[in-house]
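Some notes on the structure that comes next.
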Amino acid sequence: MMVNNRKDRILTGMRPTGPLHLGHYVGALENWIRLQQKYDCYFLIADYQALGDHVAEIERIRSAVLDVALDWLAVGLDPKKTTFVIQSYVPEHAELAMLLSMIIPLSRVQHNPTLKAEIAQLNKKDLSLGFFNYPASQVADILLPKANLVPVGADQLPHVELTRDIANKFNRLYGHVFPIPTALVGRIPRLVGIDGQVKMSKSLGNCIYLSDSRETVEEKVRKMYTDPTRKTATDPGHIAGNVVFTYLDAFHPNREELQKLKLQYEQGRIGDVQTKKILADLINSFLDPIRKRRKHYEAHPEEVKAALMEGTSRAKKIASETMAEVKSAMKIHNYEEGLDKITQLQ
Ligand code: ATP
Ligand code: MG
């Protein structure tokens, strides 16, 4: 699909709050890797957004910016085909967020279910105005490169919905500037944490990281909850709500074998130790090529730097074009024109 002779664009991103995990892969990265072939992709490292709840942890954000870049390269995002962007290096993100926050109804943000859930996780006194405002910054992030498609995990859907409404509202108020973006949710919309919590999340510390060693993966899988009603390996086991099977569903490449395994488990013919061993092996073989690519980039930091700097400078160009268009549409420019007219009349 092409708009105005250009490839359709993607904008999506991650917060540099820590290294990336399996949830990022199945919820988002897997799609990004596929889509980079066909779309003009902007992948944003949202460091300003991360400040919202990590303002006292600048060092953590600084190292996570590099972790995220390395993780992206390690999973196979190709900086020759795509554009990596550091949010704070393109100040237009902040400028557009400020302008759009003027047309975003406060009540829409107050009722945003994802924001509400995240606020509930925060200590009340840690809730900053900046954090509360992050859906507005996300609207701006998506609209700045005029994205058509936004591949994300399910938790991000309310933000994309808000973006669509605000793009429509802006176009109605000031004339057509923005395409209306569509969300695309990954194969596993929301991967649960290894503790069974509703979402694997850096903030909840319940993750298997893409950078974990083989031993760490084995250790984390060994500690996973299974079926609390099962006392011995010969008791019939339950699949529903069993974290090990949730992960097997996500990572087993062979549906038929997985079906057999589930049957054996339900009939008490296979124990937790064995199913966990199968899962750890599967995750490790999934991670092996990622580990190999990571080694390459760890040995070539100059390539990581080039990906970040070249991408960011491409994004700057697009950003300044959009901002000029936005300001012209809103008539927030050339105030001095009025003075020129007076001068001409005299
Ligand atoms: P934080 O806890 O700091 O917010 P996070 O783990 O939620 O970190 P983000 O950077 O906020 O990660 O999310 C980046 C992208 O990954 C988003 O598209 C989000 O929907 C997706 N994502 C994150 N966690 C999961 C998950 N457990 N399952 C599916 N998708 C996920
Ligand atoms: Mg998040």
Quick one: count up the residues across the range 110-130 that are under 14 Å from the mean Cα position of the chain (by Cα) and free of Cβ contacts under 8 Å to residues at least 40 places away in the same chain. 0
Test: Ile58 is within 14 Å of ligand 2 (Cβ to nearest atom) and of a type outside the set (Gly, Ala, Ser): no
Can you name the residue in the range 131-157 that is within 12 Å of Ala28 (Cβ to Cβ) and free of Cβ contacts under 8 Å to residues at least 60 places away in the same chain and, of all such residues, is nearest to the chain's Cα centre (by Cα)? Gln156
Name the residues in the range 48-80 that are more than 21 Å from Phe286 (Cβ to Cβ), among the charged types (D, E, K, R) and surrounded by fewer than 16 Cβ atoms within 10 Å (Cβ to Cβ), would you? Glu57, Glu59, Arg60, Arg62, Lys80
Positions within the range 172-195 being more than 9 Å from ligand 1 (Cβ to nearest atom), in contact (Cβ under 8 Å) with a residue 60 or more places away in the chain and at negative phi, in sequence order: Leu173, Tyr174, Val177, Pro179, Pro181, Leu184, Arg187
Of the residues in the range 32-47, those that are within 16 Å of Leu210 (Cα to Cα) and buried (at least 21 other Cβ atoms within 10 Å of the Cβ) come to Trp32
Would you mind finding the one in Val198, Val221, Val160 that is open to solvent by less than 60 Å² (accessible area, probe 1.4 Å), free of Cβ contacts under 8 Å to residues at least 40 places away in the same chain and either closer than 29 Å to Ile61 by Cα or part of a loop (DSSP other than H, G, I, E, B) (or both)? Val160
From the residues in the range 201-213 that are open to solvent by 50 Å² or more (accessible area, probe 1.4 Å) and among the hydroxyl-bearing types (Ser, Thr, Tyr), which one is nearest to ligand 1 (Cβ to nearest atom)? Ser203
Is it true that some residue in the range 205-215 is within 15 Å of ligand 2 (Cβ to nearest atom), touching a helix residue (DSSP H, G or I) at 6+ places or on another chain (Cβ under 6 Å) and in contact (Cβ under 8 Å) with a residue 40 or more places away in the chain? no
Do any residues in the range 9-22 that are within 13 Å of Ser63 (Cβ to Cβ) have Cβ atoms under 9 Å from those of residues that are hydroxyl-bearing (Ser, Thr, Tyr) and within 14 Å of ligand 2 (Cβ to nearest atom), where the two are at least six apart or on different chains, and which pairs are they? Thr17/Ser203; Gly18/Ser203
Please enumerate the residues belonging to the range 2-15 that are more than 8 Å from ligand 1 (Cβ to nearest atom) and under 11 Å from the mean Cα position of the chain (by Cα). Leu11
Can you name the number of the only condition in (1) closer than 20 Å to Ala154 by Cβ; (2) open to solvent by 40 Å² or more (accessible area, probe 1.4 Å) that Tyr89 fails? (1)
Kindly indicate whether any position in the range 126-142 is assigned to a strand (DSSP E or B) and more than 13 Å from ligand 1 (Cβ to nearest atom). no
Of a type in the set (Asp, Glu), open to solvent by less than 10 Å² (accessible area, probe 1.4 Å) and either at pLDDT below 95 or assigned by TED's automatic domain parsing to the domain that holds Thr322 (or both) - does that describe any residue in the range 136-152? yes
Which of the following residues is in the same structural domain as Ala69 (by TED's automatic domain parsing) and loosely packed, with under 14 Cβ neighbours inside 10 Å: Glu337, Glu310, Glu256, Glu321? Glu337
Do we find a residue being surrounded by fewer than 23 Cβ atoms within 10 Å (Cβ to Cβ), within 16 Å of ligand 2 (Cβ to nearest atom) and among the basic types (Lys, Arg) anywhere in the range 121-132? no
Identify the single condition in (1) open to solvent by 50 Å² or more (accessible area, probe 1.4 Å); (2) hydroxyl-bearing (Ser, Thr, Tyr); (3) touching a residue at least 24 places away in the same chain (Cβ under 8 Å) that Ser107 does not satisfy, given that it satisfies every other one. (3)
Conditions (1) part of a helix (DSSP H, G or I); (2) open to solvent by 30 Å² or more (accessible area, probe 1.4 Å); number of the one not met by Leu279: (2)
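So that you can scan it fast, the table gives a plain yes or no per residue for (1) more than 10 Å from ligand 1 (Cβ to nearest atom); (2) modelled with pLDDT under 95:
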{"position": "Leu22", "(1), (2)": "no, no"}
{"position": "Lys38", "(1), (2)": "yes, no"}
{"position": "Tyr48", "(1), (2)": "yes, no"}
{"position": "Asp53", "(1), (2)": "no, yes"}
{"position": "Ile61", "(1), (2)": "yes, no"}
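The values are calculated or read from the model by the stated rules, or taken from the named source; none is laboratory data. Quantities reported herein were computed from a predicted structural model and do not represent experimental measurements. For neighbour counting, all protein chains shown are included, and Cβ atoms are generated from backbone atoms with ideal geometry for every residue, glycine included. These area figures cover heavy atoms from the full protein model, side chains too; ligands, DNA and RNA do not enter into them. Shrake-Rupley method; radii C 1.70, N 1.55, O 1.52, S 1.80 Å.
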